[in-house]
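Peer 1: Here it is: the structure, laid out below.
The values are calculated or read from the model by the stated rules, or taken from the named source; none is laboratory data. What you see is a predicted model; the values in this text were computed from it and never measured. Positions of Cβ are generated from backbone atoms using ideal geometry, with glycine treated the same way; all protein chains shown enter the neighbour counts.
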Amino acid sequence: MSSPLIVARQLTKTYGEFTAVDHIDFDVAKGESFGLLGPNGAGKSTTMRMIGATLQRTSGELTILGKDPEKLGPQIRAHLGVVPQQDNLDGELTVTENLYIYGRYFGLSKKFIKNKIEELLEFAQLEEKRNVKVDALSGGMKRRLTIARGLVSEPEILMLDEPTTGLDPQARHILWDRLFRLKELGVTLLLTTHFMDEAEQLCGRLIVMDKGKIMAEGSPAELIRKYSTKEVVELRFGSEKNAEMAEKLHDTCDHIEQLPDRILLYSDDGETLLSNIMSGGAHPITSLVRRTSLEDVFLKLTGRSLVE
Amino acid sequence: MSIYERTRKGSLTLVDTKRIHRFGALFVSESRFKHMAKWLNGIITQAIANPLLYLLSVGVGIGSLVDANQGSRGVDGVPYLTFLGPALLASTAIQGAIDEVVMPTLQGFKWNKNFFAMNATPLTGKQIANGVYIAALVRVAFTVAIYWILLFFFGALKAGTAWLAIAVAMFAGAAFGAMMLAIAGKVVKEDFFFSILGRFIIMPLFLFSGTFYPTLNNADIPSTNWMDLTALACH
Ligand SMILES: Nc1ncnc2c1ncn2[C@@H]1O[C@H](COP(=O)(O)OP(=O)(O)O)[C@@H](O)[C@H]1O
Ligand SMILES: [Mg+2]
């Protein structure tokens with residue numbers, strides 16, 4: 001097996017007294033689609049910028065493609081495609097002009113870029129918008145263009161910082177479809193997100209981050225197996241009665257979480273648990289049995305929700 | 001091996017870091033030219049109309065008054081228009097260089113965050129700055145050349161060495177451009193700095209540095225500034 005594309009050991013970034021990334025360890029292998037899942041402020045973007053060789057680490061080791069970003073920034077950046085959290089397209093230029101100038105920053109020939117643009121427009125579903133000024137595009141289109149731009153140099157690693165944050169559900173689904181295609185094609189993806197459904201769909205393996213630290217690591221299925229049960233029963237008794245009922249139902253299941261608006265009861269067999277609870281005389285206003293998700297893993301690990 | 005792996009060459013073969021190391025700044029300039037091309041008509045109109053209006057109103061208008069009162073060798077031994085021309089040339093170069101350096105820098109750091117996009121590529125910060133600078137100087141060279149041609153047609157250029165004024169004006173633009181690029185990079189968070197700069201430094205420099213009247217006439221303090229140097233080449 002070839003050596004990992006990214007290796008981080010005790011990677012740390014501090015801003016004055018504040019530690020944004022706190023001694024984290026992880027590897028990313030070629031062809032992997034690796035995720036950083038965590039709430040706002042977890043240190044995801046800071047980690048991405050250090051890997052992207054645009055932010056100096058405070059301590060620890062970091063190698064990308066076997067190189068140290070502190071010493072060989074341009075040589076590393078030559079092989080990364082970067083999709084930052086905030087789009088930084090050139091609003092005054094058109095869609096194709098944006099792809100063109102970005103390709104030039106990688107020293108690519110005009111002829112190569114010209115052919116590549118056609119492929120990227122098709123990928124980003126922006127053929128009709130090729131000569132439109134970027135300022136006039138919708139948020140979802142801009143995001144797709146930023147991703148296409150990141151692919152112009154056929155990078156070894158495509159880095160996506162919160163690719164779908166701020167998009168409406170439809171735009172998100174189009175984007176997921178595009179990213180899923182990249183994943184299938186074998187592009188090495190490194191992405192951050194605070195959406196557990198996004199992490200589940202796109203990441204083969206991920207680390208769960210909170211307050212600069214890694215809370216857990218594994219594939220979505222592994223994490224769920226390790227930190228949660230197969231299913232969860234969601235019950236609402238009304239905000240006054242939730243606490244009291246949580247107390248009462250405590251012994252019926254593996255684990256219980258009480259949120260402001262509902263209580264979550266974890267069990268490998270949700271339906272049986274629910275019918276036992278009902279026959280025990282409880283009368284929830286609503287009840288729902290669902291498969292557990294990374295959201296539940298995060299809740300278990302930190303006692304908080306991913307999206308506040 | 002996936003389809004992607006078979007059809008693509010990959011950045012490891014595609015991207016030539018030596019080429020980027022050598023030509024990176026020019027790729028940045030190229031993107032600046034794409035921007036300039038968006039308002040090429042405006043650039044050309046400005047390059048012609050600006051000197052034309054100045055030369056007509058101040059040069060010919062005020063000049064005829066000056067020359068009527070002081071004779072046709074009225075200022076520094078040359079007609080007023082000949083005196084004024086080179087100074088306008090230099091100040092145009094300076095103003096142009098500043099505009100073409102400050103605007104993209106503000107834009108790059110603040111408005112559309114272009115520089116952050118460039119910074120994520122193999123380009124270095126130095127190449128980005130150089131690229132913006134080179135493009136600014138090309139724009140200035142164009143503006144100065146048109147100015148010079150107009151001066152020529154107005155009969156403001158008397159001496160055989162008058163073409164040197166272009167070089168001197170370019171030096172002036174280059175010097176101010178470089179200085180402003182350095183400042184702009186540092187104070188990019190303070191937009192207001194540039195309005196202050198425009199109003200209290202550039203404008204007074206333009207008005208009181210011998211553009212419209214000879215500095216050596218007014219004070220016995222020896223003054224060497226770009227305007228005088230440019231004038232030297234023309235007289
Ligand atoms: N330049 C900076 N100076 C000081 N604090 C910063 C800076 N950048 C980020 N931080 C802080 O570091 C923490 C992690 O930020 P970030 O990596 O952006 O988190 P995430 O991307 O996971 O939302 C946050 O608390 C943020 O306020
Ligand atoms: Mg972030």
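Peer 1: With the checklist (1) in contact with an Asp or Glu (Cβ under 6 Å, 6 or more places away or on another chain); (2) away from ligand 1 (no atom under 16 Å from the Cβ) in hand, flag the one item residue A:32 doesn't pass.
Peer 2: Only one criterion is unmet by residue A:32, namely (1).
Peer 1: Restricting attention to the range B:108-128, which residues are crowded, with 19+ Cβ neighbours inside 10 Å and not in a helix (DSSP H, G or I)?
Peer 2: B:112, B:113, B:120, B:121, B:122, B:123, listed by residue number.
Peer 1: Just the residues that are touching a helix residue (DSSP H, G or I) at 6+ places or on another chain (Cβ under 7 Å) and not hydroxyl-bearing (Ser, Thr, Tyr), please, taken from the range A:236-253.
Peer 2: Those that are touching a helix residue (DSSP H, G or I) at 6+ places or on another chain (Cβ under 7 Å) and not hydroxyl-bearing (Ser, Thr, Tyr): A:237, A:249, A:253.
Peer 1: Looking at the structure I just gave you, is residue A:238 outside the structural domain of residue A:141 (by TED's automatic domain parsing), on the phi > 0 side of the Ramachandran plot and not hydroxyl-bearing (Ser, Thr, Tyr)?
Peer 2: Answer is yes for this residue.
Peer 1: Could you tell me whether the range A:28-36 includes any residue that is among the β-branched types (Val, Ile, Thr), more than 24 Å from residue A:179 (Cβ to Cβ) and in contact (Cβ under 8 Å) with a residue 40 or more places away in the chain?
Peer 2: no
Peer 1: Which condition number does residue A:159 fail, the rest of (1) assigned to a helix (DSSP H, G or I); (2) closer than 16 Å to residue A:80 by Cα; (3) within 16 Å of ligand 1 (Cβ to nearest atom) being met?
Peer 2: Just one mismatch for residue A:159, condition (1).
Peer 1: Mind counting the residues in the range A:163-194 that are within 14 Å of chain B (Cβ to nearest Cβ) and either farther than 17 Å from residue A:85 by Cα or modelled with pLDDT of 90 or more (or both)?
Peer 2: Residues that pass the stated criteria total 12.
Peer 1: Looking at (1) within 16 Å of ligand 2 (Cβ to nearest atom); (2) within 22 Å of residue A:122 (Cβ to Cβ), can you tell me which one residue A:194 breaks?
Peer 2: (2)
Peer 1: Could you tell me whether the range A:166-181 includes any residue that is in contact with a strand residue (DSSP E or B) (Cβ under 6 Å, 6 or more places away or on another chain) and not basic (Lys, Arg)?
Peer 2: Looking through the range A:166-181, none of the residues is in contact with a strand residue (DSSP E or B) (Cβ under 6 Å, 6 or more places away or on another chain) and not basic (Lys, Arg).
Peer 1: Name, by its number, the condition in (1) within 16 Å of ligand 1 (Cβ to nearest atom); (2) surrounded by fewer than 21 Cβ atoms within 10 Å (Cβ to Cβ) that does not hold for residue A:52.
Peer 2: If we test residue A:52 against (1) within 16 Å of ligand 1 (Cβ to nearest atom); (2) surrounded by fewer than 21 Cβ atoms within 10 Å (Cβ to Cβ), just (2) comes out false.
Peer 1: Quick check: is even one residue across the range B:129-139 aromatic (Phe, Trp, Tyr), in a helix (DSSP H, G or I) and away from every other protein chain (no Cβ under 14 Å)?
Peer 2: Yes, some residue in the range B:129-139 is aromatic (Phe, Trp, Tyr), in a helix (DSSP H, G or I) and away from every other protein chain (no Cβ under 14 Å).
Peer 1: Within the bounds of the range A:151-161, is there any residue that is over 17 Å from residue B:12 (Cβ atoms), in contact (Cβ under 8 Å) with a residue 60 or more places away in the chain, crowded, with 22+ Cβ neighbours inside 10 Å and more than 9 Å from chain B (Cβ to nearest Cβ)?
Peer 2: Checked the range A:151-161: at least one residue is over 17 Å from residue B:12 (Cβ atoms), in contact (Cβ under 8 Å) with a residue 60 or more places away in the chain, crowded, with 22+ Cβ neighbours inside 10 Å and more than 9 Å from chain B (Cβ to nearest Cβ).
Peer 1: Would you say residue A:111 is without any contact (Cβ under 8 Å) to a residue 12 or more places away in the chain, away from ligand 1 (no atom under 16 Å from the Cβ), assigned by TED's automatic domain parsing to the domain that holds residue A:52 and within 22 Å of residue B:11 (Cβ to Cβ)?
Peer 2: Yes; evaluated as a whole, the condition is true for this residue.
Peer 1: Sticking with this one: Given (1) over 30 Å from residue A:14 (Cα atoms); (2) in contact with an Asp or Glu (Cβ under 9 Å, 6 or more places away or on another chain); (3) touching a residue at least 40 places away in the same chain (Cβ under 8 Å), identify the lone condition not met by residue A:255.
Peer 2: Exception for residue A:255: condition (2).
Peer 1: Pick from the range B:98-107 the residues that are more than 14 Å from chain A (Cβ to nearest Cβ) and surrounded by 19 or more Cβ atoms within 10 Å (Cβ to Cβ): which of them is farthest from the chain's Cα centre (by Cα)?
Peer 2: B:105
Peer 1: Taking the conditions exactly as written (among the polar types (S, T, N, Q), within 17 Å of the chain's Cα centre (by Cα) and over 13 Å from residue A:212 (Cβ atoms)), does residue A:3 satisfy them or not?
Peer 2: no
Conditions (1) among the hydroxyl-bearing types (Ser, Thr, Tyr); (2) modelled with pLDDT of 95 or more, marked per residue:
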residue	(1), (2)
A:1	no, no
A:9	no, yes
A:12	yes, yes
A:18	no, yes
A:23	no, yes
A:28	no, yes
A:38	no, no
A:50	no, yes
A:57	no, yes
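Peer 1: Is the range A:289-306 home to any residue that is under 22 Å from residue A:206 (Cβ atoms), hydrophobic (A, V, I, L, M, F, W, C) and surrounded by fewer than 19 Cβ atoms within 10 Å (Cβ to Cβ)?
Peer 2: yes
Peer 1: May I pose another question? Only one residue in A:139, A:166 is within 16 Å of ligand 2 (Cβ to nearest atom) and surrounded by fewer than 19 Cβ atoms within 10 Å (Cβ to Cβ), so which one is that?
Peer 2: A:166
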